[in-house]
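Worksheet: the structure to be examined is printed underneath.
Please treat every number below as a calculation from the coordinates, not as lab data. From a predicted model like this one, the values you see are computed outputs, not experimental measurements. Glycine also receives a Cβ, built like all others from the backbone with ideal geometry; neighbour counts cover every protein chain displayed.
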Amino acid sequence: MPHDPLSTTLAALADPTRRAILARLALGETSVTELARPFEMSLPAVSKHLKVLERAGLIARGREAQWRPCRLEAKPLQDVAAWVEPYRRFWEESFERLDDYLKDLQSKEKADER
Amino acid sequence: MNAESTETVTPDTTLTVTTPSDREITLTRVFDAPRRLVFEAWTRTEHVPHWYGCASMKMLVCEIDLRPGGAWRYVLSQPEGGEFGMHGVYREVAAPDRLVYTEVFEAFPDHEALVTMILEEQDGKTKMTATSLYESVEVRDAVIASGMESGAAESLNRLAERVETMK
């Protein structure tokens with residue numbers, strides 16, 4: 001396994017609970033207890049996920065307060081988006097053209113039925 | 001239920017790109033057409049050039065021999081000049097719901113991906129899931145990084161030219 005930052009980010013994102021945690025943090029910073037609430041999971045289990053996310057630089061933990069609030073770090077997610085972007089654009093544009101083309105095909109078929 | 005809910009709803013056609021494992025990329029997309037048509041649009045030379053690639057590209061070659069063991073090849077022109085090609089062999093042809101084929105980007109001739117395309121139809125709409133399996137995480141990442149859009153070599157040549165003029 002390569003250990004470049006992008007691979008570390010992707011590995012951290014390859015888990016539904018961690019993605020849900022990030023989605024929650026996108027709404028604003030919060031405590032570990034608050035993060036654990038929607039998941040049927042012990043605090044240590046959630047802490048484990050948070051450590052993976054922290055190592056990948058996807059979240060940061062505050063030191064200033066006793067409750068050590070978690071917050072989202074945007075940079076690694078932006079890196080992932082930038083990496084996938086040209087690939088996505090190629091297919092997005094192709095599929096938009098396919099939408100139009102399928103519409104043409106369907107109306108042609110309807111016309112032929114008449 | 002109100003009266004409006006009986007009208008045709010516009011399907012969510014957002015493209016999803018995921019990396020379900022180290023060596024895979026999956027594209028998921030819904031089309032507002034029966035899967036029979038989507039399958040035909042993917043697999044017939046009279047249809048593919050109408051949609052495959054960005055609008056700024058031109059399809060120069062489109063060859064399809066749709067049978068297990070049959071070959072295919074596409075070549076697209078790039079807006080900034082140059083062209084890029086890809087080819088492969090069909091492994092499974094099960095119209096209208098499943099197509100399995102190999103895919104080689106001619107920029108990376110030694111690396112072959114296996115693509116499994118599945119079409120599921122519901123209420124006249126089709127959900128397409130296409131998963132490309134690469135031989136290694138490095139090759140997969142290289143394919144994504146190259147963006148299929150500008151051959152890596154092409155860009156490097158341009159960069160070299162640019163640097164040359166800056167001397």
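Determine the gain in length on full extension of the stretch A:Gln106-A:Leu77; use 0.36 nm per residue of separation and subtract their C-alpha separation, reporting nm with one decimal.
6.5 nm
Using only DSSP helix segments of four residues or longer, with each worth -39500 (n - 2.57), what per-residue ellipticity at 222 nm results for chain A after dividing by its residue count and rounding to 500?
-22000 deg cm²/dmol
Using alpha-carbon pairs under 8 Å, 6+ residues apart, how would you state the relative contact order of the range B:23-166 in percent?
For the range B:23-166, the relative contact order is 24 percent.
Quick check on my link table: of B:Lys58/B:Lys127; A:Lys51/A:Lys75; A:Lys51/B:Lys127, which ones sit more than 25 Å apart, alpha carbon to alpha carbon?
As for pairs spanning more than 25 Å Cα to Cα, those are B:Lys58/B:Lys127; A:Lys51/B:Lys127.
Mind giving me the nanometre distance, one decimal, between the label points for B:Lys127 and B:Glu83, set 7 Å out from Cα along Cα→Cβ?
The answer from the label model is 3.9 nm.
Just to be sure I follow the definition: excluding the sites themselves, where is the longest run in chain A that has none of the chymotrypsin sites (Phe, Trp or Tyr not before Pro) in a DSSP loop with at most 16 other Cβ atoms within 10 Å?
Of all site-free stretches, the longest is A:68-114.
Counting only GluC sites (Glu not before Pro) that sit in a DSSP loop (anything but H, G, I, E, B) with at most 10 other Cβ atoms within 10 Å, what is the longest stretch of chain A containing none of them?
Working: sites that count: A:Glu40, A:Glu64.
Maximal segment without exposed cleavage sites: A:65-114.
May I ask you to list the trypsin sites (Lys or Arg not before Pro) in the range A:22-92 that are in a DSSP loop and have at most 13 other Cβ atoms within 10 Å of their Cβ?
Here the trypsin sites (Lys or Arg not before Pro) that fit, given the DSSP loop and packing criteria, are A:Arg63.
Going Cα to Cα from A:Lys110, which aspartates and glutamates come in below 18 Å? Please leave out same-chain ones fewer than 8 positions away.
By straight Cα distance, A:Lys110 reaches A:Asp99, A:Asp100, B:Asp32, B:Glu40, B:Asp123.
Using a Gaussian network model on chain A with a 10 Å cutoff between Cα atoms, which of A:Leu22, A:Leu43, A:Leu72 fluctuates the most?
Residue with maximal mean-square fluctuation among A:Leu22, A:Leu43, A:Leu72: A:Leu43.
List the lysines whose alpha-carbon lies under 21 Å from that of A:Lys108, not counting same-chain residues fewer than 8 positions away?
A:Lys108 reaches B:Lys125.
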